[in-house]
Amino acid sequence: MHRTLRKGCLVALVTVSIIGLQVAAPLPRSRAEAVSGAARPRLTNLAHLNFLTSTVTPPQQQDHTTYRLGEEPGVEVLWVYADHQADGSFRRVGGGDYDAATNSYGQGAFDADDISRAAVAYLTAWRQFGDEQARQHAFELLRGLTYLQDASGPHAGNVVLWMQPDGTLNPSPTPADDPNPADSGSSFWLGRTIWALGTGYAAFKSADPEFARFLRHRLTLALDAVERQDLSTYGQWQVVDGLRWPSWLIADGADISSEAIYGLVAYYRASGDERARRDLTKLAVGVAAMKTPGWPYGALLPWTHSRSLWHSWAGEMSGALAAAGSALGRGDWTRTAVGETAQFTPHLLVQGGPDNEWLPAPIYRDQIAYGADVTLRNLLSTADATQRRSFRQLAGVAASWYFGNNPAHAPMYDPATGVTNDGISPTGDINQNSGAESTIHGLMSMLALDAAPDVAAAARIAHVADRVTWAYTEAESGELSGNASVITPAESWTGESQWSGDRYVSLSSGGRVTVPVQLPTTDRYLVMPVFDRQIAPRDSVGGRLALGDVPAGVQQQGGAGPQGVTSVPGYLDVGSRATARRVASGSNRLNMSYVGDGRPARIDGVLLQPELEWVVLGGSGARGQALLRSFSPNPRHKVITVGSGHLTAYAYDRQGRLVDTASGAHGRVDAPVAPFGFTIVQVG
């Protein structure tokens, strides 16, 4: 199975605190909030999520029941998709092919993935605003979710993903789930069920003790399943192309294990349950280990079977580790979270936002609310754990995605209706549909912003005035000479990564490829080839790099470690070699010539990264903000022009600690940037 193909990821235009959603103790208000004075209108609007809810009375089905089913036979569920209509309304639809004769879908109308996350969103709205209607929806959705869970039988604790419009469960849909049947093993929907059950217990513990006891029992069943399916191998490390990674994460995922961690943190804080603490610790230990020594430069990776795959959706790792670190006093987990949010996340934001997937080339650059929301909440969770202002400032930039800082340069969320669009293509086409996943994660972000007015104020500064960052070019677009050829593999998906453009360039002795490139700024550049890292002596195969007449050294392409559990030997990697000096902006050429003992080098493409990158955002009136990120080992400066008033530049190191400031007037400031650090510029 290609793990990255999942519901909600593709955006083609077709058919107080609750853990993980808000910071508990806001830092001092920003200047922007202090100047505005008046309270801002609430961003959270539950109307569209309410529209997606429905009630069904399921037939009797073995091993499935829920709270007070005999007294209340109806359970609340959530339509999975909502198609935009010509008149601006939406039509609720299910997943898979629809059969009108049986009123059923190939997959189903409702699913546990969305019901669980909607319950978390409603629970947060209830606790945050005292919204009794949200409380009732949360209660009823938790009843619907637990009906989908196996209450008894050989797979007790696991969860069926899909339900048909009449309440019939569909454990083996078309296309099939992994696992199949859906309740036969570890799954994403089991991890999300734990998130909802733990959060629900914490919310209802005092408000409805009887229901809370029921949720605790169902969480116990879910933990039984996790312990027998996943945590039974705790402490057993597996080899992943030379790395030592955990074998015990839920569905082999640091991503879904992190969503379960959020639920366990909430439950443990409310209950003090030692079993939950033990399971939480085991999952967090595994998530914290999901690092690499190189690409993607600080990010935690989501899947225990690939060191070449990153995705924004479900990438809850740093936020969950920060929350767990605070709950259990584990500063090492918090430091791991900071490693991502202070190093990788600033680059992600500057380069254009939460791309769906890098494999490892940034080729799936569609963006959805799931990725945007996760990026925002990771930053807020890290800010809460560290009490560092830098992460709240970054959160303002991250949240600006919803209001125009995105490939479409248009709002993706409408506070008047509660609609979050289903996604944006790399060329800026908006999917006008608004299904459950987008709606839920849009609302999770709005709930977080309503709890953080300073971040919400910065989020509305979203007009992209300037952006200078990396660019990717396919190797096969270049001119080949000597022993060089373009290869089209039988499958572009390798089982753990993907050849971008479905092709690559093979170089052998005397081979060379020259790729035309456009450089956005005059600077030193990191030449970052994407290539096949082979199981061979490190210096046995590689490429000599030059940007125009400026050398950038040799990128060795051997040195891959033992294959272990991955699908193929070796792995697609991203290298990094700095040019010897600054290179002028404009048209240029990237040259790569073969070096080695004769075995072929395989080149997918090349990223050209200026040592200093930035994005400048404007707002109404004199407002503005900017984010700069450095790949240089030396201090840097950059004159930033934004807004029209007083500017302050805050320079942070690679741990998000303030190391320097600078002031400017009339919308202009000479902003310092620390080595490998980032700088936030704000008006006021």
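The values are calculated or read from the model by the stated rules, or taken from the named source; none is laboratory data. Since we're looking at a predicted model, the values are computed, not measured. Methodologically, a virtual Cβ is constructed for each residue, glycine included, from the backbone with ideal geometry; neighbour enumeration extends over all protein chains shown. All accessible areas refer to the heavy atoms of the entire protein, side chains included, with ligands and DNA or RNA removed. Shrake-Rupley method; radii C 1.70, N 1.55, O 1.52, S 1.80 Å.
Overview of results
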{"read-out": "Cα-based convex hull volume of the stretch 327-475 per residue, rounded to whole Å³", "value": "127 Å³"}
{"read-out": "Residue-count net charge about residue 486 - beta-carbon cut-off 15 Å; Lys, Arg +1, Asp, Glu -1", "value": "-3"}
{"read-out": "Whole-Å distance, taken between Cα centres, linking the stretch 81-146 and the stretch 215-245", "value": "29 Å"}
{"read-out": "Most to least accessible of 502, 523, 384 (protein chains only, probe 1.4 Å)", "value": "502, 384, 523"}
{"read-out": "Hull shadow area, averaged, the stretch 276-319 [alpha-carbon convex hull, nm²]", "value": "3.4 nm²"}
{"read-out": "Computed over the stretch 635-684, Kirkwood Rh from alpha-carbon pairs, angstrom", "value": "10.5 Å"}
{"read-out": "Accessible area per residue in Å² at 1.4 Å probe, computed on the chain", "value": "34 Å²"}
{"read-out": "Inter-part distance where the stretch 149-210 and the stretch 321-368 are each reduced to a Cα centre, Å", "value": "28 Å"}
{"read-out": "Placed amide H near residue 661: partners under 5 Å, 5+ positions off or other chain", "value": "651"}
{"read-out": "Local net charge near residue 468, Cβ-Cβ under 10 Å (Lys/Arg +1, Asp/Glu -1)", "value": "-1"}
{"read-out": "Nearby aspartates and glutamates by direct alpha-carbon distance to residue 282 (threshold 16 angstrom, same-chain neighbours under 8 apart not counted)", "value": "224, 227, 230, 252, 255, 259, 273, 274, 332"}
{"read-out": "Computed Kirkwood radius, in angstrom, where 1/r is averaged over Cα pairs of the stretch 544-615", "value": "14.5 Å"}
{"read-out": "Compactness of the stretch 144-265 - radius of gyration and Dmax, Cα, Å", "value": "15.3, 50"}
{"read-out": "Viscosity 1.567 mPa s, temperature 4 °C, Stokes-Einstein D of the stretch 425-545 from Kirkwood C-alpha radius, µm²/s", "value": "67 µm²/s"}
{"read-out": "For the stretch 274-284, 3J(HN,Hα) per residue [Karplus equation, 6.51 cos²θ - 1.76 cosθ + 1.60, θ = phi - 60°, Hz, x = Gly/Pro]", "value": "5, 5, 4, 4, 5, 5, 4, 4, 4, 5, 5"}
{"read-out": "Equivalent ellipsoid dimensions for the stretch 363-446 as semi-axes, Å, which come from the Cα gyration tensor, largest first", "value": "23, 14, 11"}
{"read-out": "Long-range tail of P(r) for the stretch 404-458 (Cα pairs > 13 Å, %)", "value": "62 percent"}
{"read-out": "Distant-in-sequence amide H partners of residue 364 (H built 1.01 Å from N, under 5 Å)", "value": "357, 359"}
{"read-out": "Helical contribution to [θ] at 222 nm, DSSP H n ≥ 4, -39,500 (n - 2.57), averaged over the chain, rounded to 500", "value": "-9500 deg cm²/dmol"}
{"read-out": "Overall Cα dimensions of the stretch 123-176, principal axis frame, Å, largest first", "value": "39, 23, 18"}
{"read-out": "Distant alpha-carbon pairs in the stretch 516-644 (separation over 19 angstrom), percent", "value": "58 percent"}
{"read-out": "Whole-Hz ³J(HN,Hα) from phi, Karplus 6.51 cos²θ - 1.76 cosθ + 1.60, for the stretch 605-621, glycine and proline x", "value": "x, 8, 9, 10, 10, x, 4, 10, 10, 7, 9, 10, 10, x, x, 5, x"}
{"read-out": "Heavy-atom accessible surface of the chain: percent carbon and sulfur, 1.4 Å", "value": "49 percent"}
{"read-out": "Sum of side-chain charges, residue 584 neighbourhood, beta-carbon under 15 Å (Lys, Arg +1; Asp, Glu -1)", "value": "+1"}
